[in-house]
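Notes for the one structure printed next.
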Amino acid sequence: MPEITAVSSFSARIVERLSVGATSRRERVIHSLDGLETPVHPDTLAHTGADLWHLLQKQVPDGLDSVDFLLGLDAGGILPTVSLAGAAHLPYKIAWKLHLPLDGAVRFSEPHAMRTDVFAYGIAPGQQIVIVDDEITTGRTLADLTRRLHEAGAVPLAAVCLVEDTTRGARDLLTDLGLPLVSLTTIEGAA
């Protein structure tokens, strides 16, 4: 019989990046789901998704019954997107740094990355979308995505993240765009 492992609570912290490029941030948020320091048990992934779903339902009670899909950002947003999709029983898509000849392309920018162009595909007018990422610092990437989704006629309902850096104004930026931000935990980075 397999051993039952207790699921630890979610945690996050900031570490210094080594060998960073000129446009990259000098720090990185690491957290319980990224598998950098310790292995991640599947139960942890499932429990984290359930926690995110309960927070989203509590903080954004209207419109969640009409969500068409979750839109996760590569690469850090994949795990929280999959865990939230499992808990909410919602389909998901992932936005990739791949420029492909696919319909419904929405191009947006991740300004602090080495490769700044990101693409979401199959976006159509009227689709109701919840955006998912692992961390939010400045909010500039999600703000640009929100603007581009609106231009395509889609309706971003909320943004969900594992970790929110509260020192860089992301929440205010997204609120000004009418996008509620739901975060599992917060940290205070170096402003």
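The values are calculated or read from the model by the stated rules, or taken from the named source; none is laboratory data. This one's a predicted model, so the numbers in the text were calculated from it and none came from an experiment. Cβ: placed from backbone, ideal geometry, glycine included. Neighbour counts: every protein chain shown. What goes into the accessible areas is simple: the full protein's heavy atoms, side chains included, and nothing from ligands, DNA or RNA. Shrake-Rupley method; radii C 1.70, N 1.55, O 1.52, S 1.80 Å.
Note the full-extension length gain between Asp43 and Ser9 as 0.36 nm times their separation in residues minus their Cα-Cα distance, in nm to one decimal.
Roughly 11.1 nm would be gained on extension.
Pull up all non-local amide H partners of Thr186: gap of 5 or more, or a different chain, and H-to-H distance under 5 Å with H placed in the peptide plane.
Sorted by chain and number, the residues that satisfy this are Glu164.
Applying the Karplus parametrisation 6.51 cos²θ - 1.76 cosθ + 1.60 with θ = phi - 60° to the phi angles of the range 47-54, what ³J(HN,Hα) value in whole Hz is obtained for each residue in order, glycine and proline being reported as x?
5, 5, x, 5, 4, 4, 4, 5
Distance from a point 7 Å along Cα→Cβ of Asp62 to each backbone N in the range 121-152: keep the residues under 20 Å and list them by number.
126-131, 150
Rounded to the nearest 0.05, what FRET efficiency do Arg107 and Ser19 give with R0 = 30 Å and r taken as the Cβ-Cβ distance? Could you check?
FRET efficiency, Arg107 to Ser19: 0.60.
Given H placed 1.01 Å from N in the peptide plane, which residues other than close sequence neighbours of Ile94 have an amide H under 5 Å from its amide H?
Gly72
What accessible area, in Å² to the nearest ten, does a 1.4 Å probe give for His99?
Approximately 130 Å² of His99 is accessible to the 1.4 Å probe.
Calculate how many DSSP beta bridges within the chain are antiparallel, expressed in % of all such bridges and rounded to the nearest 5.
The antiparallel proportion sits near 30 percent.
Using a Gaussian network model on the chain with a 10 Å cutoff between Cα atoms, which of Leu179, Leu79, Leu98 fluctuates the most?
Leu98
State, to one decimal in nm, how far the label point of Asp176 lies from the label point of Leu36, with both points 7 Å from Cα in the Cβ direction.
Between Asp176 and Leu36, the label points sit 2.9 nm apart.
In the neighborhood of Arg147, defined by Cβ-to-Cβ distances under 14 Å, what is the net charge if each Lys or Arg adds +1 and each Asp or Glu adds -1?
Value of the local net charge: -1.
Shape call for the range 95-176 from the C-alpha gyration tensor, a ≥ b ≥ c root eigenvalues: rounded (a/c under 1.5), prolate (a/b greater than b/c) or oblate?
oblate
By accessible area of protein heavy atoms, probe 1.4 Å, what ranking do Lys93, Lys58 get, highest first?
Lys58, Lys93
Pull out a ≥ b ≥ c, the square roots of the eigenvalues of the alpha-carbon gyration tensor of the range 2-152, then state rounded if a/c is under 1.5, prolate if not and a/b is larger than b/c, and oblate in the remaining case.
Judged from the Cα gyration tensor, the range 2-152 comes out oblate (a/c at least 1.5, b/c at or above a/b).
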